[in-house]
Amino acid sequence: MAFDVSVALTWILFLALFPMAFFWLRRAWRIVVRRDFSEVALKRGEHPPEPERWAHYTMLINGLAGTIMVVVIGLVLFSGIAYENWTAIAGSTIWSKFMLDFALSRHAHGFGSRKKA
């Protein structure tokens, strides 16, 4: 049996869905239930002036992305969704989540001048 790189990458992507879904749903849980705003709209490790204002957006982004990942995991395990479909859904979700988090963090910090060290 020969080693196939595409099969290995498929397994790596599928197994990576589990921790991504866990961390994203955990972050949404922390915001909603524990009222922990320590990871809301961070830019270079700094919080925005009013993290409570942006917490709902962060919770929505993380909760939705985590839920989609759980659904994709379920579809792969229980319904046998085609490879092209689940990788497209997972990849689009990952990229969308990263871009939305980036945009939210930049928007929350405003367009003022950068602090010089």
*For the pair Phe3 and Arg26, how long in nm is the line joining their label points, each one 7 Å along Cα→Cβ?*
3.1 nm
*Comparing Ile68, Ile31, Ile12, which has the greatest mean-square fluctuation in the GNM of the chain with Cα pairs linked when under 10 Å apart?*
Ile12
_Residue-averaged [θ]222 nm for the chain, counting only DSSP H segments that reach four residues, each worth -39500 (n - 2.57)_ = -24000 deg cm²/dmol
*Could you pull the Rg and Dmax for the chain, using just the Cα atoms, both in Å?*
17.3, 59
_Extension reserve of the Phe111-Ala88 stretch, reckoned as 0.36 nm per residue once the Cα distance is removed_ = 4.9 nm
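Among 91-98, 78-85, how do they line up from the highest to the lowest mean number of other beta-carbon atoms within 10 Å?
Ranked from most to least packed, the peptides come out as 91-98, 78-85.
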_Among Arg44, Arg26, Arg106, which one shows the highest mean-square fluctuation when the chain is modelled as a Gaussian network with alpha-carbon springs under 10 Å?_
Arg44
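Values quoted throughout were computed directly from the atomic coordinates according to the rules given, and no laboratory measurement underlies them. Remember, predicted model here, so these are calculated numbers, not experimental data. When we count neighbours, we look across all protein chains shown, and the Cβ atoms used for this are built from the backbone with ideal geometry, even at glycine.
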